Amino acid sequence: MRTGILHFFVAVFAFINTSAYSFSQENTPRTLRELGFPVGIFQPGKYNAITDVPGVSVGHVTCIEGKDIRTGLTAIVPHQGNIFKNKVPAAVYVGNGFGKLAGVTQIQELGNIETPIILTNTLSVAAGLDGLITYTLSQEGNEGVRSVNGVVGETNDGLLNNIRARFIRPEHVLEAIASASTGPVAQGNVGAGTGTVCFGWKGGIGTSSRILPESLGGWTVGVLVQSNYGGILEIDGVPVGKRLGQYEFKKNVESGSADGSCMMVIITDAPLDARNLERVAKRAVMGLAKTGGIASNGSGDYVIALSVAPGNLVRPGESLQNVTLLSNDRMSPLFEATIEATAEALWNSLFMAETLSGNGSTVKALPVPEVLKMLRKIR
């Protein structure tokens, strides 16, 4: 009897929530593409997310407590196996190096990564590493591991978040990895994007993907970003920031500050080695430029690019690797796909973010209705 009553109230609660959702759908943040503005020439995947690349999963932990904790953590898991035992070809490109990307030198030296990628805030990189070490040592088959090169990126969310409190703990890393999903990816004020600011508006997590036509290889490129940078916002060629009167250096050259950071993660199933992955990573900065980002003096603008082509994973005990690599002449479509997906992911981080207050500050969301009017004038 009690079970029946419980089921009844659960059903009623679900109905109320669903009804409330349907009435508020118009005010629900939507991506640029969902609002009727597809950008670029290539089509996105099913989710228009980094998880359109087979096997890739993403998990968020969002930390909002009291009046001053507005932070979080995002985990990007490149494949569903033991990453330490099946390392992933990778490269890093630095647009501007004012940042704390952990694990970068080993990636540059060996051309691969051996852990999930963690994104968080500037003062929580150590906690991110601690969590990755615990995760890696706990994996079956890693009983003899004595060295782990964790990869942790960051941006500074100290305006909206009491960053000195160092709220993030290693347990948050384990939670984010455990909750990682291969389906749709939450965007905006979530995970590592909870407290970030972009072009003076609320930034956050953004993602997008592109699938090349079969005639160009049929490869998938997925991008996930943590936006926390400045400049003069442009959307699909429209000088939005200038027209809205909000941009760096507005009063005079000395008054503004475009400083911040942007983490960009690119994953593809195209069979690439570290050399061509670095070439892909460089193109992400072109996507950043399309949004009006300027990679300013105090900004940490980093790109991590990975290839999860199954036949090219670095397996234990192999003295020789027999890999298949895409030729240089076939790279240009991947470059275009990367530029498109990076720019759209960055724009999505703004469109999906909502006004947030914390730590004594309030950062407003992008004024989407005004922006849409500008975009419609050029269509």
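Each Lys and Arg Cβ is given +1 and each Asp and Glu Cβ -1; about its Cα centre, segment 177-331 then shows a dipole of about 320 debye. Ordering GLY188, LEU132, ALA365 by Cα displacement along the dipole of the chain toward the positive end leaves ALA365 in first place; charges were set at the Cβ atoms of Lys, Arg (+1) and Asp, Glu (-1).
Residue farthest toward the positive end of the dipole of the chain, with Cβ of Lys/Arg at +1 and Asp/Glu at -1: which of VAL88, THR120, SER299? Among VAL88, THR120, SER299, the one farthest towards the positive end of the dipole of the chain is SER299.
Using mean Cβ contacts within 10 Å as the protection proxy, how do 167-175, 259-267, 323-331 order, highest first?
259-267, 167-175, 323-331
Around the Cα centre of the chain, unit charges on the Cβ atoms of Lys, Arg, Asp and Glu (plus for the first two, minus for the last two) sum to a dipole of about 800 debye. Heavy-atom accessible surface of segment 278-340, averaged per residue, reaches 45 Å², computed with a 1.4 Å probe. The residues neighbouring ASN189, those whose beta-carbon lies less than 9 Å from its own, together hold a net charge of +1 under the Lys/Arg +1, Asp/Glu -1 convention.
Only one residue of GLY45, ALA284, ILE235 has its Cα farthest out toward the positive end of the dipole of the chain, where Lys and Arg carry +1 and Asp and Glu -1 on Cβ, and that residue is ILE235. With the full set of protein chains in place, find how many percent of the accessible area of the chain is carbon and sulfur; take the probe as 1.4 Å. With neighbouring chains kept in place, the figure for the chain is 53 percent.
If the limit is 28 Å between Cα atoms, which of LYS282/LYS364; LYS67/LYS373; LYS202/LYS377 go over it?
In this structure, LYS282/LYS364; LYS67/LYS373 exceed 28 Å between Cα atoms.
Placing dummy labels 7 Å off each Cα toward the beta-carbon, the span from ARG30 to ALA165 is 3.5 nm. Here segment 111-239 is treated with +1 on each Lys and Arg Cβ and -1 on each Asp and Glu Cβ, and its dipole about the Cα centre works out to around 320 debye. The residues packed around PHE351, meaning those with a beta-carbon under 9 Å from its beta-carbon, carry a net charge of 0 if Lys and Arg are +1 and Asp and Glu are -1. P(r) tail for the chain: Cα pairs beyond 33 Å make up 29% of the total.
Normalised per residue, the accessible area of segment 71-182 is 41 Å², obtained with a 1.4 Å probe and no contribution from ligands, DNA or RNA.
Net charge of the neighbourhood of ASN312, taken over other residues with C-beta under 14 Å away and scored Lys/Arg +1, Asp/Glu -1, is 0.
The values are calculated or read from the model by the stated rules, or taken from the named source; none is laboratory data. Since this is a predicted model, take the numbers as computed values, not measurements. Every residue, glycine among them, receives a Cβ derived from its backbone with ideal geometry; neighbour counts consider all protein chains shown. The protein model used for the area step is the full one, side chains on, heavy atoms only, and it has no ligands, DNA or RNA in it. Shrake-Rupley method; radii C 1.70, N 1.55, O 1.52, S 1.80 Å.
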